[in-house]
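Here the structure is laid out as structure tokens; the discussion comes afterwards.
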Amino acid sequence: MRAANGLQIWISQLDRRQYALAVGFGIGVLGAGTGLLIALLGPWLAIAGIVGLLAGLYVITNISMALYAIIGIVLLVPFGVFPVKIAITPTLLDLALAAFLLVYLFQWMTGRRGDLQLAPVHALIIVYVMWLVFAFALGLRHASPTPAKIRQFAETLLSIGMVFILTDLLRDPLVLRRLVLVILLAIGCQALLAIGLYLAPDSLAEALLVRLSRIGYPAGGVIRYIEDNPALAERAIGTWVDPNALGGALATAAILIAPQIVARKPALRWRWLTLAIFGAVAIALYLTASRASFLAWGAGMFMIALVRYRRLIPVLIAGSLLFLLLPQTQAYLDRLSQAFQGADLATKMRIDEWTDSLELIGRYPLVGVGFTGTPDIDIYTDVANMYLMMANQIGLTGVVIFLLAMGGVFAYGRRAWRYAQTNPDVAAIHLGFHAALFTGLVNQIADLYFFRLDFQSSITWFWLIVALCVASSRLALEAARKTAA
């Protein structure tokens, strides 16, 4: 503020000639910078860069916009990186998280924020974070970390830190409702992108996605097929690169949206638009051909019906029967059947990975092998099951701590639910986030993206869901206390 006032005073003291020279110099620098940007990146990326710079300047002055930027990047350009390399090449998510944390800390340093709001479950999450750090440090005896691995681990810790920051930040149900609205619109746009690229000719879809190579996306071979076989059906990927990672995001988002359709006070005023977004997300999820995500979505829908809307159980049963009988879904049902029988190539590979993972766990059961490498050349840590992958890297002890933390989130949510269900401002939101967390945990039985370090957007999305579960529970309990008072 003092710097801005000093600049205003300095400008006001300039005579006309000096003022004209200053304005001319500013215009010249701006024009030269714009020309250089166009020469380096091309007109469209240059325009996007300028708009991004202006948006960035606004984001670092508004914490809500910084949070919306994180959600937009996670759901729309999850693997984007800054297009210009200076010393390092940060991801767009890095920049958004850094801006958000910077604004939040500035609010504390300037006295605009005080009285830190936390919940009892945060103690379990702190223990989990401490164990992650311990496992990372212990794993250094097996291999030295690369700069990328250190950055990804730091990003993971920052993503988990969102659970603490958002619980403190979201003190008004209206702010939480606006956040849900942003999520609705962002995931709706991603669903339309995924459907549009899936329906487009492969050459056109490839050409469009390759344009994102300027911001760190693959420069070719982006179209994905079942079992990576072009002779089989295509899989929707949107801008998520991997169809299974997209499937996990869509499944959890669809469950988050579902209670809004029948809520007494939905986050989006037009209920028909909420239903349309839900339909688009469900279609995009189906087109990813991610069987784990699809089954997890079904489990989440039945959880919502059992907890709150039991009248929807016959509708879900009827929908399931229709899915079983429609000719258009028979190929999908055949793949589901093959998965349960372990008959297709993808499932056989998963079973082999699970077997190898159990061997690793047998050798290093308590603390795992860490994140930087394995001590033996015949073992590896990446396996298509988040819980087995956790056991590989942070040991069975870490898995138990993680499950206790998730159990704590649900226990805190259950305590708050008796008050939330009578509060139309948070009822659907509270139920939606907890059902989304349940869906994500089920989904990761056959996937790993909510823990795999090089899929930071998936990790951030998961911990955002956890954060909003805790924040919605705290808001419901706070509203109940105020009512009682």
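Figures for the structure shown
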{"read-out": "Residue match in segment 261-270 (condition: part of a helix (DSSP H, G or I) and surrounded by fewer than 24 Cβ atoms within 10 Å (Cβ to Cβ))", "value": "yes"}
{"read-out": "Candidate set from segment 338-374 (those that are of a type in the set (F, W, Y) and either within 17 Å of V400 (Cα to Cα) or not in a helix (DSSP H, G or I) (or both)); member that is most open to solvent (accessible area, probe 1.4 Å)", "value": "Y364"}
{"read-out": "Some residue of segment 403-411 being under 22 Å from the mean Cα position of the chain (by Cα) and under 23 Å from L285 (Cα atoms)", "value": "no"}
{"read-out": "Pairs, first on the phi > 0 side of the Ramachandran plot in segment 228-256, second surrounded by fewer than 24 Cβ atoms within 10 Å (Cβ to Cβ) and not polar (S, T, N, Q), C-beta under 8 Å, six or more apart", "value": "G238/L193; G238/L197; V241/F79; V241/Y217; V241/P218; V241/V222"}
{"read-out": "Some residue of segment 167-179 being within 16 Å of the chain's Cα centre (by Cα), β-branched (V, I, T) and either in a helix (DSSP H, G or I) or at pLDDT below 90 (or both)", "value": "no"}
{"read-out": "Which numbered condition H142 fails, given (1) in contact (Cβ under 8 Å) with a residue 24 or more places away in the chain; (2) assigned to a helix (DSSP H, G or I)", "value": "(2)"}
{"read-out": "Every pair of residues 6+ apart whose Cβ atoms lie under 7 Å, when the first sits in segment 294-305 and is touching a residue at least 40 places away in the same chain (Cβ under 8 Å) while the second is of a type in the set (V, I, T) and open to solvent by 30 Å² or more (accessible area, probe 1.4 Å)", "value": "A296/V442; A299/V442"}
{"read-out": "Single residue of V74, V129, V81 found to be modelled with pLDDT of 85 or more, surrounded by 13 or more Cβ atoms within 10 Å (Cβ to Cβ) and touching a Pro at 6+ places or on another chain (Cβ under 8 Å)", "value": "V81"}
{"read-out": "Residue check, A191 at pLDDT 95 or above, open to solvent by less than 30 Å² (accessible area, probe 1.4 Å) and either over 24 Å from the mean Cα position of the chain (by Cα) or within 29 Å of Y68 (Cβ to Cβ) (or both)", "value": "yes"}
{"read-out": "Some residue of segment 145-162 being within 13 Å of L468 (Cα to Cα) and open to solvent by 10 Å² or more (accessible area, probe 1.4 Å)", "value": "yes"}
{"read-out": "Residues of segment 273-302 classified as hydrophobic (A, V, I, L, M, F, W, C) and open to solvent by 40 Å² or more (accessible area, probe 1.4 Å), total", "value": "7"}
{"read-out": "Some residue of segment 198-206 being at pLDDT 90 or above, open to solvent by 60 Å² or more (accessible area, probe 1.4 Å) and part of a loop (DSSP other than H, G, I, E, B)", "value": "yes"}
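Per-residue answers, yes or no, for (1) of a type outside the set (D, E, K, R); (2) assigned to a loop (DSSP other than H, G, I, E, B); (3) free of Cβ contacts under 8 Å to residues at least 24 places away in the same chain; (4) open to solvent by less than 10 Å² (accessible area, probe 1.4 Å):
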site	(1), (2), (3), (4)
G408	yes, no, no, no
Y412	yes, no, no, no
R418	no, no, yes, no
N423	yes, yes, no, no
G432	yes, no, no, yes
A436	yes, no, no, yes
G440	yes, no, no, yes
A446	yes, yes, no, no
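The values are calculated or read from the model by the stated rules, or taken from the named source; none is laboratory data. If you're wondering where the values come from, they're calculated on a predicted model, not measured in any experiment. Every residue, glycine as well, gets a Cβ built from its backbone with ideal geometry; the counts of neighbours run over all protein chains shown. Protein only, heavy atoms only, side chains kept; ligands, DNA and RNA dropped before computing areas. Shrake-Rupley method; radii C 1.70, N 1.55, O 1.52, S 1.80 Å.
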